[in-house]
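Asker: Could you have a look at this structure, given as structure tokens, before my questions?
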Amino acid sequence: MQNRKIRLILLVIVLICLTSCASVNKTKMVPDSIVKDLTPGFQSGEFGSKVDGLVVLMDASSSMAETYQDYVKFDIAKAFVRRMNDTMPPICAVSGLRTFGHALQLTRAQTKLFYGMAPYNRQGMNKGLIQVTPSGGPTPLTAAITEAAVDLKNISGNKVVIIISDGKDLSDQPFIAAQNMQAMMADHLCIYTVMVGDDEKGKILMEKIARVSPCGFMILAQDVGSAQPMADYVSKVFLTKVEKIAEVSVSKEKKSASLKEDGLGYHKAEPLMMNLGNIHFNFDSSDLTKEGKTILDQHIQVLMNNPDVNVIIGGHASARGTHDHNQNLSEKRALAVKNYLIDVGDIPFKRLSAIGYGETRPAMYEPDPEQINSKEAKANMRVIFEVIVE
């Protein structure tokens, strides 16, 4: 009799365990997928960046703990951001990752920046994303949009906001906040939304928010789950196709003659590569020198006289330092030049694209990178203009 009771108790325990396991197995882990890294095409000059400021808003509220197609919606959202980030090339943009609606153990704030605002860096964005867990709390999307407007307020040029959410349990207040942000930034802002799940009211709201900006649109997260659709999405949102012909280098001696006769070579059939000066930037600095500003003032006049010309601004660095540091430095240098042309010369931002090459395209080989004052190192602390005639 005693043995029978023991067997019965053991059977009950086994059934409970099996039931628990079955419940756990109802949800799946979002699988990692191969991405198409667009960095090679960007660094080769095939693509240019059309974005100067970027904020990703990710929903971390309690409704994101629900499942959709056997996957937790919060995991779908994180997978989208991770794949987008791993697809993106090193664009010269100030960026941030902001979340809204959190579990109390993560933060009591309605919305929080987990990365940025800082020059875009893939590794930094991924580190910020890893910190966002678990989901929980209400859905203060309105507060997140309002704070994103503050994040982007002082950035010159074209700005992008990407909202990833299921759109659940929301009124029209986020739509109104998006309208206010768009009014603040006029035609310099594009709002894109990424719908997670199938809540019908949420989908309607996400579509409305995306339509606030004339360039915005909504997608479904599941539609960009593989490499090529995600690459197409990143290209459409962040990049512009560059029609390149041959690159022509111009020596310092020919530069002044080129300025007098052809501007920056604008009447030539091919784009022109132009060095702004061997000592345009000091070591480890992105501040424009007095000499650099003088040269840029000349370029501003030429650009004003040639409104059919677009320019790709390529930032470079010397070999001293880590690859990541030099990449960030070159991007800051390119942005410094671009912002000067916009702020001082009133050159339309749509005519200017900025890209950083780090130390990967030196003007001169540096036999000893530690010699920061060598002629080779100074030659590499530069920004180059590539002129494209439409």
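Asker: Are there any helices (runs of 4 or more DSSP H) wholly within the range 112-227 with 1 or more residues that are within 20 Å of residue 80 (Cα to Cα) and not aliphatic (A, V, I, L, M), and if so which? It would help to see each step written out before you state the result.
Answerer: On the way: elements: 122-130, 141-152, 173-185, 200-210.
Correct list: 122-130, 200-210.
Asker: In addition: So, of the residues in the range 201-220 that are surrounded by 15 or more Cβ atoms within 10 Å (Cβ to Cβ) and of a type in the set (Lys, Arg), which turns out to be farthest from residue 158 (Cα to Cα)?
Answerer: Of everything passing the filter in the range 201-220, 203 is farthest from residue 158 (Cα to Cα).
Asker: Sticking with this structure for a sec: Quick check on my filter: what residues within the range 339-382 are within 28 Å of residue 306 (Cβ to Cβ), more than 21 Å from the chain's Cα centre (by Cα) and hydrophobic (A, V, I, L, M, F, W, C)?
Answerer: 341, 344, 347, 363, 379, 381
Asker: Within the range 372-390, restricting attention to residues that are modelled with pLDDT of 80 or more and in a loop (DSSP other than H, G, I, E, B), which residue is farthest from residue 282 (Cα to Cα)?
Answerer: Here the residue is 374.
Asker: A follow-up question, please. Quick one: count up the residues across the range 306-344 that are in contact with a helix residue (DSSP H, G or I) (Cβ under 8 Å, 6 or more places away or on another chain) and within 18 Å of residue 93 (Cα to Cα).
Answerer: 12
Asker: Now, a different point. Do we find a residue being small (Gly, Ala, Ser), closer than 15 Å to residue 57 by Cα and surrounded by 16 or more Cβ atoms within 10 Å (Cβ to Cβ) anywhere in the range 186-200? Before the answer, list the steps.
Answerer: Step one: of the range 186-200, the residues small (Gly, Ala, Ser) are 186, 197.
Still in the running and closer than 15 Å to residue 57 by Cα: none.
No, because not a single residue in the range 186-200 is small (Gly, Ala, Ser), closer than 15 Å to residue 57 by Cα and surrounded by 16 or more Cβ atoms within 10 Å (Cβ to Cβ).
Asker: Restricting to the range 90-104, and then to whatever is touching a Pro at 6+ places or on another chain (Cβ under 8 Å) and part of a loop (DSSP other than H, G, I, E, B), can you tell me which residue is surrounded by the fewest Cβ atoms within 10 Å (Cβ to Cβ)?
Answerer: Looking only at the range 90-104, we keep the residues that are touching a Pro at 6+ places or on another chain (Cβ under 8 Å), and these are 92-95, 100-101, 103.
Narrowing the set further to residues that are part of a loop (DSSP other than H, G, I, E, B) leaves 92-93, 101, 103.
Numbers: 92: 27, 93: 23, 101: 24, 103: 16.
Within the range 90-104, the match that is surrounded by the fewest Cβ atoms within 10 Å (Cβ to Cβ) is 103.
Asker: Okay, moving on. Quick one: is residue 234 among the aliphatic types (A, V, I, L, M), modelled with pLDDT of 80 or more, buried (at least 20 other Cβ atoms within 10 Å of the Cβ) and in a loop (DSSP other than H, G, I, E, B)?
Answerer: Numbers: among the aliphatic types (A, V, I, L, M): yes; modelled with pLDDT of 80 or more: yes; buried (at least 20 other Cβ atoms within 10 Å of the Cβ): yes; in a loop (DSSP other than H, G, I, E, B): no.
So residue 234 does not fit the description; no.
Asker: Within the range 327-341, is there a residue that is surrounded by fewer than 23 Cβ atoms within 10 Å (Cβ to Cβ) and either aromatic (Phe, Trp, Tyr) or assigned to a loop (DSSP other than H, G, I, E, B) (or both)?
Answerer: Scanning the range 327-341, I find at least one residue that is surrounded by fewer than 23 Cβ atoms within 10 Å (Cβ to Cβ) and either aromatic (Phe, Trp, Tyr) or assigned to a loop (DSSP other than H, G, I, E, B) (or both), so the answer is yes.
The values are calculated or read from the model by the stated rules, or taken from the named source; none is laboratory data. Predicted model only: the values in this text are computed from it and were never measured. Using ideal geometry, Cβ is built from the backbone for each residue, glycine included, and neighbour counts are taken over all protein chains shown.
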